[in-house]
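Everything on this sheet refers to the single structure shown next.
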Amino acid sequence: MQDHALTDLLQTAFAARQPLIARLHGEDTNAYRLFNGSSEKRPGLTVDRYGDLLLIQTFHDALDNAERVAIEDFYAATLPGLTAIYNDRSRPNSRVANPLPAELLRAAQRPREIHEMGVRYLVQARHGGQDPWLFLDMRAGRRRIMQEASGKSLLNLFAYTCGIGVAAARAGAAHVVNIDFAESNLKVGKENARLNDLPIRLRFIHSDAFAAMRQLAGVGQPAVVRGKRMPAFPRLDQRSFDLVFVDPPRYAKSPFGVVDIVNDYAALMKLALQCTTEGGTLICCNNAAEISREVWADQLERCAAKIGRKIREVEWIMPEDDFPSHDGQPPLKIALLRV
């Protein structure tokens, strides 16, 4: 793509976001997507602002030097003062491939504080994992959970860096439990909690989600399954929650179970429902683009019916305007279920 054509795309996207950016800044938010290539005519390219960081990432084809410079120059003129970091993640498993000069690498590896709806979070452009610690398209989910959380208990499954849990606590949740299999994710979550003046103490549980849900649901997690001893897991008492938030990866396999949001979301849905209080709210996420909202909704309905739980109401939580989609069905689907 010619540099001027790319600049035109960036300009069109930037102009379209001006009303949203003004609203976000007005509510103390300084992190948002500036360019969403999959829907803005450059698939595989994303540009995000995280506070004073400009994060440019490619997932299909690497940028050539002229394209990278064109992007950096455009945002230097429109949003001066940001540090630009480019991550080429076009290799298998989205691992970052491109080296950086020593000074930029230090900048990329430095934790930074950003604001979203008055809540503080840490982000980092490069670290041992892949993503910068806060998914911007999940802002809509964090906003909705803040509207729901006051006085309620929350179970945050596949918590990653606990953005949902911190947002809920900031909004007045009575009790918050964050569960994730990666101790490094929970460590960042604890730092996020410390950044904010929270009225409660959050709980962080380093556990496989299946093992945790089975115990909380009262099903129980055996120490030995089919003659094979399971890895160590924390012992949890049975408990249900007013709010349960489920944001699983696309696919993950462990001795406790298989996460497969394309072919077997019901394996998660069943246990998550059993952890949700009667009359409570279950919020499910699915980021698989090939599953339509209608097909997935039918799967959720069937799963609930199979275990004798009725879905009284379904609300679709749409990503905000910095994540436009061609057909009104963005890859990230968030279903709020009154159960």
Q: Based on the mean of other Cβ atoms within 10 Å per residue, sort peptides 65-78, 135-148 so the most packed one is first.
A: 135-148, 65-78
Q: Mind ranking 35-47, 326-338 by how tightly packed they are, going by the mean number of other C-beta atoms within 10 angstrom, highest first?
A: 35-47, 326-338
Q) In Å and whole numbers, how far do the C-alpha atoms of the chain stretch along each principal axis, longest first? A) 59, 41, 40
Q | Rounded, prolate or oblate (a/c below 1.5 giving rounded, otherwise prolate when a/b exceeds b/c) for the range 136-338 by Cα gyration tensor | A | rounded
**Q.** Degrees, to the nearest 10: 139-148 long Cα axis against longest axis of the chain
**A.** 40 degrees
(Q) Given the DSSP H assignment, sum -39500 (n - 2.57) over each helix run of at least 4 residues in the chain and divide by its residue total; what's the result at 222 nm in deg cm²/dmol, nearest 500? (A) -9500 deg cm²/dmol
(Q) Charges at C-beta only: +1 for Lys and Arg, -1 for Asp and Glu. How large is the resulting dipole of the chain about its Cα centre, in Debye rounded to 20? (A) 1580 debye
Q) Under 20 Å from the Cα of LYS228, which aspartates and glutamates turn up, not counting those fewer than eight places away in the same chain? A) ASP208
Q: Among ALA211, TYR121, VAL47, flag the residue with its Cα farthest along the positive direction of the charge dipole of the chain, charges on Cβ as +1 for Lys/Arg and -1 for Asp/Glu.
A: ALA211
Q: With a ≥ b ≥ c taken as the square roots of the eigenvalues of the C-alpha gyration tensor of the range 139-219, please select rounded if a/c is under 1.5 and otherwise prolate if a/b is larger than b/c or oblate if it is not?
A: oblate
**Q.** Sites matching trypsin sites (Lys or Arg not before Pro) across the range 220-309 that sit in DSSP coil, with at most 13 neighbouring C-beta atoms within 10 Å
**A.** ARG226, ARG235, ARG250
Q: Check cross-link reach from LYS270 to the lysines: straight Cα distance under 19 Å, and skip same-chain residues fewer than eight apart.
A: LYS253, LYS306, LYS310, LYS333
**Q.** Which of CYS275, CYS303, CYS162 has the fewest Cβ neighbours within 10 Å, and the rest in rising order
**A.** CYS303, CYS275, CYS162
Q. Using the alpha-carbon atoms, what tilt in degrees (0 to 90, nearest 10) does helix 3-16 show relative to the longest principal axis of the chain?
A. 50 degrees
Q.
Can you give me the angle between helix 183-195 and the longest principal axis of the chain, using Cα atoms only, in degrees from 0 to 90, rounded to the nearest 10?
A. 80 degrees
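Readers should treat all values here as calculations from the given coordinates under stated rules, not as data from a laboratory. Predicted model only: the values in this text are computed from it and were never measured. Cβ sites come from the backbone with ideal geometry, for glycine too, and all protein chains shown count toward neighbours.
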